[in-house]
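Note sheet for the following structure.
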Amino acid sequence: MDTIRAAKKQIAEQTIQLEAEIRITKQQLNGLQEEKQTLLESISQGGSVASKAAERLDQVAEEMESASSRLSLLQRQLSDLQDQEIDAEDLTTAVAKFDPIWDVLLPRERTRVVRLLIQQVDFNGESGTMGITFQPSGIKALVAEATTINENKK
């Protein structure tokens, strides 16, 4: 089940990266919120600093909106990634359901299935080794498609 280990490793790496980006974005939002409070206090005190503070407040509001949007996007990506988790049962089901179908697929359909499963192939000419990076959601998509095809055959 090297395929499952590779997919889980890839999901874990992407999860760590997304969680780090979420932490950074939250810190940025907190910093912007603090700056906003400081600017509001400066504006309320009036004086020559108030007009510059008001200008900066507009910029901070735009930055906060952008950071909030980014945070929402990152959180959705993390949720989607967690939904892509596969296990041995998913892989076994996909192979069992799809194995008899493979022989009757046209080359174009086979190509589409391979692209569904494989994200990247790396070849090292020096060592003669090859590495395959699988699509994290490919196995689940294959299970769903094989199930649909099998149900349509009935």
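A few points about this structure:
- Applying 1/(1 + (r/R0)^6) with R0 = 35 Å to the Cβ-Cβ distance of T129 and R70 gives a FRET efficiency near 0.40.
- Size descriptors for region 2-83: radius of gyration and Dmax over Cα atoms are 18.8, 67 Å.
- Under the simplified labelling scheme, the E89-E34 pair shows an inter-label distance of 4.7 nm, with each label point 7 Å from Cα along Cα→Cβ.
- Calculated FRET efficiency for the pair A20/I118, C-beta based, R₀ 25 Å, to 0.05: 0.40
- Fewest-first ranking of L106, L32, using other Cβ atoms within 10 Å as the exposure measure: L106, L32
- Taking region 2-83 and dividing mean pair separation by its residue count, relative contact order in percent (alpha carbons under 8 Å, at least six apart): 42
- For the residue pairs K9/K140; K8/K140; K26/K140, the alpha carbons lie more than 22 Å apart in K26/K140.
- Here the Karplus curve 6.51 cos²θ - 1.76 cosθ + 1.60, taken at θ = phi - 60°, turns the phi angles of region 121-133 into couplings of 10, 10, 10, 9, x, 5, 8, x, 9, 10, x, 10, 9 Hz, with x standing for Gly and Pro.
- Under 5 Å, built H, 5+ apart or other chain: amide partners of Q119: T133, F134, Q135
All of the numbers you see were taken from the coordinates with simple rules; none came from a lab. Predicted model, so just to flag it, every value in this text is computed and none were measured. A quick note on method: Cβ atoms are made from the backbone with ideal geometry, for glycine too, and the neighbour counts reach across all protein chains shown.
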